[in-house]
Amino acid sequence: MSVNVSGIRQLELELMRRLGSQRTQQVVDRALLLGANVFVRELKQQFETFKGTGGSIEEITISEPMTVSGARTVQIYWKGPKDRYRIIHLNEWGTVNNPNPRGKGAIARAMRNATESYRNVVKQELRRGL
């Protein structure tokens, strides 16, 4: 599951030309983190609908920006003392015994709902970096 924003590579090359690679990376990293926060807010809202103990919401974590296959990336994952990462896929896809859990499709729904907001935040932050 990922959100694709077209034209980012061209924009990034133009930023590098104007600002230099180190400053460009700082601007892109800040935009990625702000966009990730928008998505996490929506994800938490979707998880509220089937919250039990709240462990899945509390353990949502945003990674530091990193380069993966030549592109700056931020990962959103579950890490914490309750080990919710083990059951997130069960809530998202269901199981043989429970094919339609209350949280089914929450991550996909959050991605769909946050796509436009994510793009706007990233665009706004990249413009501000110029």
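Considering each of ARG128, ARG102, ARG84 in turn, give the residue that is more than 19 Å from SER56 (Cα to Cα) and either open to solvent by 100 Å² or more (accessible area, probe 1.4 Å) or touching a strand residue (DSSP E or B) at 6+ places or on another chain (Cβ under 6 Å) (or both). Spell out how you get there, then give the answer.
On the way: ARG102 fails: more than 19 Å from SER56 (Cα to Cα); ARG84 fails: more than 19 Å from SER56 (Cα to Cα).
Checking each option against the conditions leaves just ARG128.
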Cβ pairs under 7 Å, 6+ apart or interchain, first in the range 34-57 and closer than 16 Å to GLU116 by Cα, second in a helix (DSSP H, G or I) and among the charged types (D, E, K, R), ordered by first then second residue, are LEU34/GLU125
From (1) assigned to a helix (DSSP H, G or I); (2) open to solvent by 40 Å² or more (accessible area, probe 1.4 Å); (3) closer than 22 Å to ARG41 by Cβ, pick out the condition that doesn't hold for GLU92. (2)
Would you check which residues across the range 34-48 are crowded, with 18+ Cβ neighbours inside 10 Å and out of contact with any strand residue (DSSP E or B) (no Cβ under 7 Å at 6 or more places or on another chain) and list them? GLY35, VAL38, GLU42, GLN46, PHE47
Near pairs, Cβ below 6 angstrom, 6+ apart or cross-chain, from the range 1-28 (under 17 Å from ARG128 (Cα atoms) and open to solvent by less than 90 Å² (accessible area, probe 1.4 Å)) to any residue that is among the charged types (D, E, K, R) and modelled with pLDDT of 70 or more: VAL28/ARG72
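The values are calculated or read from the model by the stated rules, or taken from the named source; none is laboratory data. Keep in mind that what you see is a predicted model, and the values were worked out from it rather than measured. Virtual Cβ from ideal backbone geometry, glycine too; neighbours counted across all protein chains shown. SASA here: full protein model, heavy atoms, side chains in, ligands and nucleic acids out. Shrake-Rupley method; radii C 1.70, N 1.55, O 1.52, S 1.80 Å.
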